[in-house]
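Note sheet for the following structure.
The values are calculated or read from the model by the stated rules, or taken from the named source; none is laboratory data. Since the structure is predicted, the reported quantities are computational estimates derived from the model, not experimental observations. For neighbour counting, all protein chains shown are included, and Cβ atoms are generated from backbone atoms with ideal geometry for every residue, glycine included. When the accessible area is computed, the model is the full protein with side chains, heavy atoms only, and any ligands, DNA or RNA have been set aside. Shrake-Rupley method; radii C 1.70, N 1.55, O 1.52, S 1.80 Å.
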Amino acid sequence: RVDRRQRQMCIRDRINGYHAHVYYTDDISRAIAGRIREYVEHKFTVVMGRWRDDPVGPHPLPMYQMAFDNNEFASLVPWLMLNHDSLSVLIHPNTNDMVADHRYFAIWLGEKLDLNITFLEAGNTSA
């Protein structure tokens, strides 16, 4: 029997960082996403992905991705919660199971979008 503290440690050991995907739909929301991006780049330890102005992979809207380590979660995610400015933001762990990461383990800020999980189920990698 594994006690609760040991189970939590097992879960934390399974997470190899996180991705946050910030979605936008038009020039106005892209500008908001740009302000978020600029602030996050200067205040947090993240690796920014490139702007994707067309849907890509499982993502139904234009977006960019930011990758961050487990120790950044506690400061970055609350900031995004308060500052996503009505944009949809997907936050998911990286556990080496991309389908589960996007389908079951995800946190959504703003409107939850319908991801193309079939893309990931086919063995494709996320963008």
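Report whether or not Asp69 is out of contact with any His (no Cβ under 8 Å at 6 or more places or on another chain) and at positive phi.
Spelling it out, it is not the case that Asp69 is out of contact with any His (no Cβ under 8 Å at 6 or more places or on another chain) and at positive phi.
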Can you tell me how many residues within region 78-89 are modelled with pLDDT of 95 or more and in a loop (DSSP other than H, G, I, E, B)?
4
So which residues in region 20-61 are in a helix (DSSP H, G or I), open to solvent by 30 Å² or more (accessible area, probe 1.4 Å) and either within 21 Å of Leu120 (Cα to Cα) or of a type in the set (Gly, Ala, Ser) (or both), if there are any at all?
Ala31
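Val99: at pLDDT 95 or above, part of a helix (DSSP H, G or I) and among the β-branched types (Val, Ile, Thr), yes or no? Please lay out each step first, then the result.
Values: at pLDDT 95 or above: no; part of a helix (DSSP H, G or I): yes; among the β-branched types (Val, Ile, Thr): yes.
Against the criterion (at pLDDT 95 or above, part of a helix (DSSP H, G or I) and among the β-branched types (Val, Ile, Thr)), Val99 does not qualify.
Residue by residue, here is whether (1) touching a residue at least 40 places away in the same chain (Cβ under 8 Å); (2) more than 20 Å from Asp26 (Cβ to Cβ) holds:
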residue: Glu41; (1), (2): no, yes
residue: Met48; (1), (2): no, yes
residue: Arg52; (1), (2): yes, no
residue: Tyr64; (1), (2): yes, no
residue: Phe73; (1), (2): yes, yes
residue: Leu82; (1), (2): no, yes
residue: Leu87; (1), (2): yes, no
residue: Asn96; (1), (2): yes, yes
I'm told Pro93 meets every condition in (1) at pLDDT below 95; (2) within 24 Å of Tyr39 (Cα to Cα); (3) not hydrophobic (A, V, I, L, M, F, W, C) except one. Can you identify the failing condition by its number?
(1)
When Ser75 is evaluated against the numbered criteria (1) within 23 Å of Arg14 (Cβ to Cβ); (2) open to solvent by less than 70 Å² (accessible area, probe 1.4 Å); (3) out of contact with any Phe, Trp or Tyr (no Cβ under 9 Å at 6 or more places or on another chain); (4) outside any strand (DSSP E or B), which criterion, by number, is the only one it fails?
(3)
Going by what's in this entry, would Leu113 be described as outside any loop (DSSP other than H, G, I, E, B) and of a type in the set (A, V, I, L, M, F, W, C)?
no
Tell me which of these Met66 doesn't satisfy, since it passes every other one: (1) surrounded by 14 or more Cβ atoms within 10 Å (Cβ to Cβ); (2) part of a loop (DSSP other than H, G, I, E, B); (3) not β-branched (Val, Ile, Thr).
(2)
Arg4, sole failed condition from (1) farther than 29 Å from Glu121 by Cβ; (2) of a type outside the set (Asp, Glu); (3) touching a helix residue (DSSP H, G or I) at 6+ places or on another chain (Cβ under 6 Å); (4) modelled with pLDDT under 95:
(3)
Can you tell me which condition His92 does not meet? The list is (1) open to solvent by less than 80 Å² (accessible area, probe 1.4 Å); (2) assigned to a helix (DSSP H, G or I); (3) not polar (S, T, N, Q), and all the others hold.
(2)
